[in-house]
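This report refers to the structure that appears directly beneath it.
The values are calculated or read from the model by the stated rules, or taken from the named source; none is laboratory data. It should be emphasised that the depicted structure is a prediction, and the values quoted were computed from it without experimental measurement. Ideal geometry is used to build each Cβ from the backbone, glycine not excepted, and the neighbour counts take in all protein chains shown.
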Amino acid sequence: MNNALNILYYSKISGDLTELVDIKELMALQIINDKSIQDRVNKEEDVAFLQKMVTKSILKGRTKVNFNRTAETSSQILAHNNFCTAKFIDTPLSININFQQHNTANYYFKGYRTTKISIPNISITPATLFEIKKLTNMYPTEKFSLGFTFLKNLQTVGYSLSVVPATTGQKGQASCILSVLTQDNYIIDDASKYFDVTNLIKNMSV
């Protein structure tokens, strides 16, 4: 088991749902709880099958839709991704975000190399501020994602905002992505269709 966990620990994980939930933690639980999976993870290449299994179990019955390369906005992004209606607060050193609502959700932040923060069942009110970018942090210009999930009819649903490398492939260029996981779909779209992302991607060397 320790060998499989060590391999997982040093493996890079990216792809579907990694902006919303700690996929690596869920993979670790699979290794701990299933001897057959422990035996199967012997090298870094073996991690891919485990990630696929975990994401498939979450996405079961749902359709992945990517609107990144279209000009139209998605009605489901507008209806279910609360970043679309959130208030972004810019200061000289940071960008904060405020949701004008009361909600309870699992908070997940991923960024700055190996930095991850998970807080289950966090209470969100109109007075809550989330700091999403700060120039004085270590690695302040690297990609990050901020996601919120909760259970609805025993299914994980949620929404996120991510700053990632631009799809142009040009080194150092960033783009901002929204995702939403509903009971029917997993939707990804370009955040610039919904609000001004200039300050979010400014000076990012992703």
Exercise. Right, SER145: small (Gly, Ala, Ser), surrounded by 15 or more Cβ atoms within 10 Å (Cβ to Cβ) and either modelled with pLDDT of 90 or more or assigned to a loop (DSSP other than H, G, I, E, B) (or both) or not?
Worked result: yes
For this session: Tell me, yes or no, whether region 77-86 has at least one residue that is under 21 Å from ALA174 (Cα atoms), in contact (Cβ under 8 Å) with a residue 40 or more places away in the chain, touching a helix residue (DSSP H, G or I) at 6+ places or on another chain (Cβ under 7 Å) and of a type in the set (Val, Ile, Thr).
Result: yes
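Inspect region 78-93 for any residue being over 16 Å from the mean Cα position of the chain (by Cα), under 24 Å from PHE144 (Cβ atoms) and outside the structural domain of ASN185 (by TED's automatic domain parsing) and give the result as yes or no. Walk me through how you get there before you give the answer.
Taking region 78-93 and keeping what is over 16 Å from the mean Cα position of the chain (by Cα), we get 78-79, 85-93.
Still in the running and under 24 Å from PHE144 (Cβ atoms): 78, 85-93.
Among the residues that remain, those that are also outside the structural domain of ASN185 (by TED's automatic domain parsing) are: none.
No, region 78-93 contains no residue that is over 16 Å from the mean Cα position of the chain (by Cα), under 24 Å from PHE144 (Cβ atoms) and outside the structural domain of ASN185 (by TED's automatic domain parsing).
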For this session: Name every residue in region 83-134 that is of a type outside the set (D, E, K, R), closer than 18 Å to LEU17 by Cβ and buried (at least 16 other Cβ atoms within 10 Å of the Cβ), in order of residue number.
Result: PHE83, ALA105, ASN106, TYR107, TYR108, PHE109, GLY111
For this session: Determine which member of the set TYR159, TYR186, TYR194, TYR139 is hydroxyl-bearing (Ser, Thr, Tyr) and on the phi > 0 side of the Ramachandran plot.
Result: TYR139
Seminar exercise, completed: Of (1) β-branched (Val, Ile, Thr); (2) touching a Ser or Thr at 6+ places or on another chain (Cβ under 6 Å); (3) at pLDDT below 95, ILE117 fails just (2)
Problem set entry | Inter-residue pairs, beta-carbon under 9 Å, first farther than 18 Å from THR156 by Cα and in region 108-127, second hydroxyl-bearing (Ser, Thr, Tyr) and outside any strand (DSSP E or B), 6+ apart | LYS110/THR18; GLY111/TYR139; TYR112/TYR139; ARG113/TYR139; THR115/TYR139
